[in-house]
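Notes for the one structure printed next.
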């Protein structure tokens, strides 16, 4: 039985001699990423707690700009970092622990593109709707009183 | 039967099924398909959680104030520590799983057995930790008053720590005036046999109000988050007014109906999503145990391939993958 593994991560920056070594290397990396998350989660540096860019104002192009830059305009940098680190962790779990790296390109795309497309769609619809419901319920001209 | 199958003479050629574009066995591919569909189920739950969170964006409970407990370290506020431990345990059990798969490729039965065993232990520790986390959350710690609008009023006082004013929570047990109970719980044996009632809250709103009026240091905190990212603390007069006029129910801990930490939906989603994930871990452990015994009995040795270990490994890593996202969206963001 031939089981060939690609024995390098970070596009060849870190090479391993055997599959077992690669597993421990990936564990070290995942632990490191989790440690960063936990430390940031406990200390919550002030710099990262407020958005760095205010929403652009003035017409159509500002709206387009806000949509394109929405992760920076509407999200705290800390949360953005958490989400990016989570995706990094998910990538290495799938690629090295689940051996996606060793599968054919077709299988990889079949699994990843399908889920990524559907999940992005779902998240967009539901978060957009959640924001709208917030405006109906809680902004100043809301027709519903909830705090009594 | 032979007569129904036409032999085309193309067997082994591209259009006769001779091409295997994915180079994966049937079982492994089906496991991937299952994982994709299960991933969509989980993302449906997490997106629904996101919906509710965006709806209550200004009053969602702050996870660091909710999950502060660590076993054996009673009374200390240590957010993140225990859940970080749980995450590490799950990643570690993923590693032993992938090591078992690797040993399977080398047909090394002893090592597969050992690593499968360690994986099962890791899964069991994780499920146990989650049960403890649930129990602590259900138990609650400070207690609160729910208003007629379903919002939560919590109690505390300002203390000076390192020259800085900090709001420190106070448990309702520490200030509520305890009268002999106004009424007892309705049980089947002493009332209508076909009517039951949930256990009564520990105090009535009046007892809380009397205690609040007697202690001039105690203030009420609403669930609304102000511009600094903290929950709003009311003035003394406002505090008394809110509890007196709007208080309806005393809440301790969390369940599917009420939640002393804030919006009840937070507890609902916590129970539902971590519960569904915990159920996956549990079933993963059960499947791992079955495979573990098959390994010991030599089933795969005789079969000449440890691919079953690989397939159950895919499922196990997927459970770990989901936890990475649950961890982010419940505890970090």
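The numbers here are math on the coordinates, done by the rules we state, and not lab data. Keep in mind that this is a model prediction, so the values were computed, not measured. Every residue, glycine as well, gets a Cβ built from its backbone with ideal geometry; the counts of neighbours run over all protein chains shown.
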Item checked: By average C-beta atoms within 10 angstrom, highest first, the peptides B:243-254, B:291-302, B:92-103 -> B:92-103, B:243-254, B:291-302
Item checked: Order of A:118, A:78 - criterion: other Cβ atoms within 10 Å of each residue's Cβ, fewest first -> A:118, A:78
Next item on the list: State whether the range A:43-126 is rounded, prolate or oblate according to the following rule on the C-alpha gyration tensor (a ≥ b ≥ c being the square roots of its eigenvalues): a/c under 1.5 gives rounded; otherwise a/b larger than b/c gives prolate, and the remaining case gives oblate.
Entry: oblate
Next item on the list: For n ≥ 4 DSSP H runs only, could you compute -39500 (n - 2.57) per run for the protein assembly as shown, divide by its residues and tell me the 222 nm figure to the nearest 500?
Entry: -18000 deg cm²/dmol
Note to self: Under 10 Å, Cα contacts only: if you run a Gaussian network model on chain B, which one of B:216, B:43, B:52 comes out with the highest mean-square fluctuation?
What the structure shows: B:216
Check: What average count of beta carbons from other chains do you get within 10 Å of the Cβ of residues in A:36-44?
Finding: 5
Next item on the list: Report the FRET efficiency, 1/(1 + (r/R0)^6), for residue B:187 and residue B:235, where r is their Cβ-Cβ distance and R0 is 35 Å, rounded to 0.05.
Entry: 0.25
Next item on the list: With springs connecting C-alpha atoms under 10 Å apart, model chain B as a Gaussian network and identify which of B:133, B:260, B:164 has the largest mean-square fluctuation.
Entry: B:164
Item checked: Per-pair calculated FRET efficiency, R0 = 35 Å: residue A:81 and residue A:102 via Cβ, rounded to 0.05 -> 0.70
Next item on the list: If a/c stays under 1.5 just call it rounded; otherwise compare a/b with b/c (prolate if a/b is bigger, oblate if not). Do that for the range B:1-113, with a ≥ b ≥ c from the square roots of the Cα gyration tensor eigenvalues.
Entry: oblate
Checklist line | Averaged over B:70-83, number of beta-carbon atoms from partner chains that fall within 10 Å | finding: 1
Next item on the list: Enter the Cα centre distance for the pair the range B:299-332 and the range A:2-81, rounded to the nearest angstrom.
Entry: 23 Å
Checklist line | For the range A:1-89: rounded, prolate or oblate by the Cα gyration tensor [a/c cutoff 1.5] | finding: oblate
Next item on the list: Please find the FRET efficiency linking residue B:135 to residue B:41, where r is the Cβ-Cβ separation and R0 is fixed at 22 Å, and quote it to the nearest 0.05.
Entry: 0.25
Item checked: Rough spin-label spacing in nm, given labels placed 7 Å along Cα→Cβ, for residue A:136 and residue B:23 -> 5.2 nm
Next item on the list: Considering Cα pairs under 8 angstrom that are at least six residues apart, work out the relative contact order of chain B and quote it in whole percent.
Entry: 23 percent
Item checked: Relative contact order %, the range B:97-171, counting alpha carbon pairs below 8 Å whose residues are six or more apart -> 17 percent
Next item on the list: Please work out the C-alpha center-to-center distance from the range B:51-73 to the range B:136-160 and express it in whole Å.
Entry: 13 Å
